[in-house]
Amino acid sequence: MNSKIIKSKQINNGVVKLFEIKQKIKNALDKLYDKDKFLFAPFGNKNKSLCERCINHRFAMYLEQQHFGKGYFVDCEYNKSHFKKTTNTKRVSNIHGNYIDIIITKRDGKHLNDLVCLEIKKCNNYRDRCKDRENLKILTGGVGYMNNGSFGYDYGFYIIFGKTKEKIKIEIYQKGEICGQGKYNLLNQNKLNY
């Protein structure tokens, strides 16, 4: 992939860069796997595990503790969209509406204050992975993705939870394209591998 300029967003009179966002996500994942590893443990005689919504809620709680800046909120299953001074159901890839697993935004109706969107799967769930990736391309406003200017997330993260944090897989999206992918250690890197 070609080199890309990583844009930054002003937060709390400072600048939050991709590296800082990655560190906050890493910190939240560390807490999730350190404090709530039982969420990933199989149970019952069919080796089942908890649903993604349960795990996503705990992950979002730890993300919120990372303080992304004044006025920013971490929301789960968010389906509200603001466009041309109207509020409606968020329609990304489904005309009936979409629920984005986790978002970090100011909730002020200004898409320019949309910071991060995350789509998440467990390692044993292969359902709708292509749709989730397509949503991240649209939400991060790729040129080839006609989002009518109603989405402006700086970054999108596709996280596949592993049974251990070392088995986590991550893709990072910016401007409608993958700008980084790898395992959990990707979050430690100051630069992305293009």
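The values are calculated or read from the model by the stated rules, or taken from the named source; none is laboratory data. Only a predicted model underlies this, so the values are computations on that prediction, with no experimental measurement involved. Here the Cβ is made from the backbone with ideal geometry for all residues, glycine too, and neighbour counts use every protein chain on show.
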Query raised in the report: How do the pairs read when you match residues in the range 107-133 that are under 23 Å from Phe40 (Cα atoms) with residues anywhere that are modelled with pLDDT under 90 and of a type in the set (Phe, Trp, Tyr), using Cβ under 6 Å and keeping only pairs 6 or more apart or on different chains?
Result: Cys117/Tyr153
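Rundown of residues vs (1) of a type in the set (Phe, Trp, Tyr); (2) at pLDDT 90 or above; (3) touching a Gly at 6+ places or on another chain (Cβ under 8 Å); (4) not in a helix (DSSP H, G or I), yes/no style:
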residue	(1), (2), (3), (4)
Met1	no, no, no, yes
Ile21	no, yes, no, no
Ile25	no, yes, no, no
Lys31	no, yes, no, no
Lys46	no, no, no, yes
Leu50	no, no, no, yes
Arg53	no, no, no, no
Leu63	no, yes, no, no
His67	no, yes, no, yes
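Please pick out the residue among Gly152, Gly141, Gly109 that is modelled with pLDDT of 55 or more, assigned to a loop (DSSP other than H, G, I, E, B), crowded, with 16+ Cβ neighbours inside 10 Å and at positive phi.
Result: Gly141 is the single residue among Gly152, Gly141, Gly109 that is modelled with pLDDT of 55 or more, assigned to a loop (DSSP other than H, G, I, E, B), crowded, with 16+ Cβ neighbours inside 10 Å and at positive phi.
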Report task. Could you run through the range 112-130 and say how many residues are surrounded by 14 or more Cβ atoms within 10 Å (Cβ to Cβ), outside any loop (DSSP other than H, G, I, E, B) and at pLDDT 90 or above? Result -> 8
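Is it the case that some residue within the range 80-93 is modelled with pLDDT of 75 or more and part of a strand (DSSP E or B)? Even if it seems obvious, please write down each step before you answer.
Here is the first cut: in the range 80-93, the residues modelled with pLDDT of 75 or more are none.
No, the conditions are met nowhere in the range 80-93.
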**Report entry** Qualifying positions in the range 15-56 - in contact (Cβ under 8 Å) with a residue 12 or more places away in the chain, of a type in the set (Gly, Ala, Ser) and out of contact with any strand residue (DSSP E or B) (no Cβ under 8 Å at 6 or more places or on another chain)
**Finding:** Ala28
